[in-house]
């Protein structure tokens with residue numbers, strides 16, 4: 001019996017050998033691209049588009065995996081404790097990775113632990129009301145809210161998310177109170193609004209573009225007018241000093257060597273600059289960004305200061 | 001629309017399409033049968049491969065996998081009491097007792113016929129009533145989700161026929177477990193015992209495996225007296241005809257279950273799992289002889305399977321017309337559509353009509369394909385299992401459970417969850433607390449809590465919390481259904497308590 | 001230990017858990033505490049009824065035969081221990097090796113001496129390897145590896 005088991009163990013060992021590769025230059029085996037959310041979302045679709053180009057540049061298979069939970073925190077805390085070998089890249093979202101550690105006590109990771117590789121996309125966040133709503137401008141919206149404190153219901157995705165932050169900032173700046181109704185995810189928040197259960201919606205630009213025929217965008221959080229929604233004024237041009245958006249990029253474990261980060265940076269840069277991919281993304285309502293590792297890192301630091309100040313003013317931390 | 005359908009039928013029956021349907025259905029059944037691998041995961045795994053295909057072919061493949069996987073969950077539900085996908089939970093209630101009595105093949109045939117009929121009825125809704133149904137699904141807001149969850153909880157009564165109190169305790173435990181993690185509103189970190197992985201809550205699919213599979217395997221091992229047989233197997237000829245006849249004699253069973261399945265599928269966020277459970281509950285309520293459920297009634301299996309396969313086209317209805325997925329696998333298909341640059345909505349049925357209708361036609365074929373492939377695979381798997389003794393079967397099942405729980409998110413914590421939950425379930429079973437109610441609590445908890453809290457916020461904003469819960473038409477309908485369900489349960493319990501004079 | 005005693009024990013444990021859930025909820029904000037509080041109260045009410053019932057002679061369950069009870073308990077315990085050991089080994093020696101040992105250990109622990117056990121272990125190990133290979137190479141699931149290979 002024991003002999004049998006030993007033979008089996010040896011046979012098992014050979015299965016391992018089949019999967020191993022000799023130690024050569026990075027990358028020499030498949031790279032995992034982890035999405036911190038459920039499949040079918042925006043991060044997912046973008047990753048699927050990037051995959052073929054990444055595989056071409058890196059020369060290895062890129063497998064897309066999903067590790068949802070706690071609004072992304074499960075995936076981010078896993079990579080924060082992971083090995084810096086560059087074989088796992090995780091999608092990172094701003095402002096999530098900034099807000100969660102600030103607000104959650106122990107989110108399982110800190111913003112600094114996610115080593116930035118590349119930031120390739122922004123979706124500005126916009127405020128919308130129903131097509132047949134009597135409100136036609138942001139000023140009318142604020143006026144209604146002033147006259148009826150807490151009556152205005154705004155649907156959004158997540159607590160302490162980019163949407164929530166935008167609502168809080170708007171409240172703070174105008175001295176009004178809304179009722180923010182968070183849903184667990186962009187799709188349910190849009191459904192809540194489309195079904196008439198809330199009066200307004202804070203949503204990502206691609207959702208606003210998808211359902212453009214059924215809503216009026218009162219304001220958009222990009223610094224300049226957003227081409228797919230040309231009639232939507234920006235918060236800035238209306239006199240409100242705020243921008244709102246969700247940025248998407250990729251990060252790796254904290255102790256990943258710079259050479260590996262550079263290799264990944266090159267791959268994502270190639271993917272982002274690919275003309276076909278770029279036009280498809282923009283057609284769906286995303287804004288392309290091309291921030292490499294260093295730029296992304298600086299952006300994170302600046303954003304973190306900004307958000308920390310805002311959250312303190314709002315009394316959230 | 002009719003020319004679209006006809007051209008679609010032509011495309012769908014091309015050799016390549018048929019091959020894709022066949023492969024998709026078989027692959028889907030296998031994945032669905034393996035505990036831990038869900039339909040969502042199967043579709044998500046294959047979406048990258050479809051990138052280089054023509055859109056219609058990619059969708060045909062994914063749709064076939066979806067159909068096959070939801071059906072495939074019934075195999076492990078029947079044979080090892082483990083729902084292969086969450087949509088097969090209700091199939092375990094009567095499917096496994098049937099297997100224990102040696103009638104596993106009869107259960108599989110029932111599941112097959114029911115799935116085919118349910119799926120086809122669902123596709124009919126998709127073809128003819130998609131836009132109005134999708135619009136109606138939007139009317140489901142937070143208060144409706146809350147009442148739906150409450151209605152779902154009344155299923156506890158159907159699942160614990162002799163001991164409702166224990167069922168209630170189990171349900172409450174499940175509801176409390178569902179609160180572990182980050183609160184949906186306000187984002188408080190709750191009951192995580194300082195563990196980071198618990199911040200995401202207790203993983204559902206590994207828990208399902210733990211609850212249903214582990215205690216059964218442990219029992220299997222220690223009850224294997226001197227005979228090293230696992231599941232007695234009675235061969236019977238003409239099983240297909242007999243089952244079909246039995247089901248045809250009660251047409252309302254399948255029709256009602258398919259209706260429930262389609263409707264539940266349409267509701268965004270409620271998918272195959274809830275569809276199967278509600279249909280099972282309604283089957284029990286509609287039946288004069290309620291005592292036979294839970295002990296091996298093929299009606300229970302038929303109801304659950306017809307509903308869950310009907311939820312497939314159901315979930316696709318709002319996804320294709322509005323871009324709002326009715327269930328997680330539909331969300332992945334939505335991503336697949338976006339991948340090909342196709343945006344769901346009115347455009348899908350006009351500009352991209354060839355693709356949309358080609359996909360729908362393929363769904364019809366996929367459901368029909370369940371019959372030959374399902375029976376073949378089902379019989380093959382049963383036969384293989386018959387050949388194995390308990391000594392081999394038990395560890396294999398445990399290994400597959402570990403693999404399945406891990407593979408879902410490549411997370412070791414999920415494996416631990418599965419084993420931990422399994423052992424707890426084993427102990428709870430020892431004191432009469434069954435898995436069904438606990439799992440119901442875990443699944444419905446988040447829906448109930450979010451519905452409750454979001455509705456309270458809505459109510460506060462509108463000035464009347466009571467109003468938001470009790471004055472909306474769909475909510476009222478659900479409240480009536482809940483009350484009816486509770487009344488039936490009380491009446492049944494009363495009858496059971498009054499001693500019968502023989 | 002007969003059934004009634006174990007039921008009472010379980011009821012007390014669950015009651016305690018309900019209490020913990022209830023009291024913990026005071027650390028959260030109002031909206032986060034509402035639902036757990038309601039359910040925890042409901043659970044405690046139901047469990048108290050259960051506990052009360054167990055003292056009522058009419059409802060108690062018949063104790064089973066002592067001897068078979070002890071053997072069954074010992075067998076269940078060895079199974080559980082084998083399962084836990086198998087799980088604990090996974091992060092150290094990888095899923096494949098842990099499962100090889102686990103399969104063998106579990107089968108021997110439960111079926112020592114029964115006919116056909118040897119052959120079953122072989123069959124089980126072969127099936128395990130086939131499935132492992134399928135998952136690892138077809139679906140490319142990165143299983144936990146032994147620490148010396150990480």
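A few notes on this one:
- Residues that are within 15 Å of the chain's Cα centre (by Cα) and modelled with pLDDT of 90 or more do occur in the stretch B:248-258, at least one of them.
- Sub-8 Å Cβ pairs linking a first residue in the stretch B:48-63 that is within 12 Å of another protein chain (Cβ to nearest Cβ) and part of a loop (DSSP other than H, G, I, E, B) to a second residue that is at pLDDT 90 or above and surrounded by 24 or more Cβ atoms within 10 Å (Cβ to Cβ), at least 6 apart or interchain, are B:51/B:58, ordered by first then second residue.
- Residue match in the stretch A:198-207 (condition: buried (at least 24 other Cβ atoms within 10 Å of the Cβ) and facing chain B (nearest Cβ under 8 Å)): yes
- Among the strands (runs of 3 or more DSSP E) confined to the stretch A:109-194, the ones with at least 2 residues that are more than 30 Å from residue B:329 (Cα to Cα) are located at A:115-130.
- Residues of the stretch A:96-114 satisfying the condition of being touching a residue at least 60 places away in the same chain (Cβ under 8 Å) and farther than 18 Å from residue A:35 by Cβ: A:98, A:99, A:102, A:103, A:111, A:112, A:113
- Selection of the stretch B:358-388 for residues being closer than 30 Å to residue B:222 by Cα and either part of a helix (DSSP H, G or I) or out of contact with any helix residue (DSSP H, G or I) (no Cβ under 8 Å at 6 or more places or on another chain) (or both) yields B:377, B:378, B:379, B:380, B:381, B:382, B:383, B:384, B:385, B:386, B:387.
- Looking only at the stretch A:174-189, and only at residues there that are over 17 Å from the mean Cα position of the chain (by Cα) and more than 7 Å from chain B (Cβ to nearest Cβ), the one that is surrounded by the fewest Cβ atoms within 10 Å (Cβ to Cβ): A:175
- Condition check for residue B:341: at positive phi and within 14 Å of another protein chain (Cβ to nearest Cβ): yes
- Residue in the stretch A:93-101 that is assigned to a loop (DSSP other than H, G, I, E, B) and either at pLDDT below 90 or touching a strand residue (DSSP E or B) at 6+ places or on another chain (Cβ under 8 Å) (or both) present: yes
- Condition met for residue B:152 (in contact (Cβ under 8 Å) with a residue 12 or more places away in the chain, buried (at least 24 other Cβ atoms within 10 Å of the Cβ) and away from chain A (no Cβ under 14 Å)): yes
- Filter result for the condition that a residue is surrounded by fewer than 22 Cβ atoms within 10 Å (Cβ to Cβ) and modelled with pLDDT under 90, over B:388, B:375: B:388
- Taking the criterion of being within 18 Å of residue B:397 (Cβ to Cβ) and either more than 7 Å from every other protein chain (Cβ to nearest Cβ) or not in a helix (DSSP H, G or I) (or both), the residues of the stretch C:103-113 that qualify are C:105, C:108, C:109.
- Of all residues in the stretch C:115-124, at least one satisfies being facing chain B (nearest Cβ under 8 Å), modelled with pLDDT of 85 or more, closer than 24 Å to residue B:31 by Cβ and more than 25 Å from the chain's Cα centre (by Cα).
- Taking the stretch B:454-469 as the range and being surrounded by fewer than 23 Cβ atoms within 10 Å (Cβ to Cβ) and within 27 Å of residue B:169 (Cα to Cα) as the test, the residues that pass are B:456, B:469.
- Residue in the stretch B:13-46 that is nearest to residue B:124 (Cα to Cα), counting only those that are touching a residue at least 60 places away in the same chain (Cβ under 8 Å) and surrounded by fewer than 24 Cβ atoms within 10 Å (Cβ to Cβ): B:13
- Listed by position, the helices (runs of 4 or more DSSP H) enclosed by the stretch A:222-317 that each have at least 2 residues that are more than 14 Å from chain B (Cβ to nearest Cβ) and in contact with a strand residue (DSSP E or B) (Cβ under 9 Å, 6 or more places away or on another chain) are A:258-273, A:293-314.
- Hits in the stretch A:133-162 (condition: touching a residue at least 24 places away in the same chain (Cβ under 8 Å), within 19 Å of residue A:215 (Cβ to Cβ) and within 13 Å of another protein chain (Cβ to nearest Cβ)): A:145, A:152, A:153, A:154, A:155, A:156, A:157
- Selection status of residue C:100, buried (at least 21 other Cβ atoms within 10 Å of the Cβ), more than 7 Å from chain B (Cβ to nearest Cβ) and over 20 Å from the mean Cα position of the chain (by Cα): yes
- Filtering B:353, B:323 for residues that are surrounded by fewer than 24 Cβ atoms within 10 Å (Cβ to Cβ), closer than 23 Å to residue A:212 by Cα and at the interface with chain A (Cβ under 10 Å from one of its Cβ atoms) leaves a single hit, B:323.
- Counting only helices (runs of 4 or more DSSP H) that fall entirely inside the stretch B:389-480 and contain at least 1 residues that are away from chain C (no Cβ under 11 Å) and under 30 Å from residue B:146 (Cβ atoms), the qualifying elements are B:412-430, B:435-462, B:465-470.
- Answer residue from the stretch B:165-206, given it is within 14 Å of chain A (Cβ to nearest Cβ) and part of a helix (DSSP H, G or I) and is nearest to residue A:78 (Cα to Cα) among those: B:197
- The criterion of at least 2 residues that are under 30 Å from residue B:163 (Cα atoms) is met by the following helices (runs of 4 or more DSSP H) wholly inside the stretch B:249-339: B:251-266, B:272-286, B:298-322.
- Checked against (1) at pLDDT below 90; (2) over 30 Å from residue A:274 (Cβ atoms); (3) crowded, with 24+ Cβ neighbours inside 10 Å, residue A:78 meets all criteria but (2).
- For the condition surrounded by fewer than 17 Cβ atoms within 10 Å (Cβ to Cβ), closer than 24 Å to residue B:324 by Cβ and touching a helix residue (DSSP H, G or I) at 6+ places or on another chain (Cβ under 9 Å), residue A:244 does not qualify.
- One residue alone among B:174, B:118 is within 24 Å of residue B:248 (Cβ to Cβ) and surrounded by 24 or more Cβ atoms within 10 Å (Cβ to Cβ), and that residue is B:118.
- Yes/no for residue A:124 being closer than 29 Å to residue B:146 by Cα and crowded, with 24+ Cβ neighbours inside 10 Å: no
- For the stretch B:455-468, the condition holds for no residue, the condition being that it is farther than 18 Å from residue B:177 by Cα, within 26 Å of the chain's Cα centre (by Cα) and in contact (Cβ under 8 Å) with a residue 12 or more places away in the chain.
- Test result for residue A:286, buried (at least 18 other Cβ atoms within 10 Å of the Cβ) and more than 30 Å from residue A:173 (Cβ to Cβ): no
The values are calculated or read from the model by the stated rules, or taken from the named source; none is laboratory data. Just so we're clear, the structure is a prediction, and the values are computed from it rather than from any experiment. When we count neighbours, we look across all protein chains shown, and the Cβ atoms used for this are built from the backbone with ideal geometry, even at glycine.
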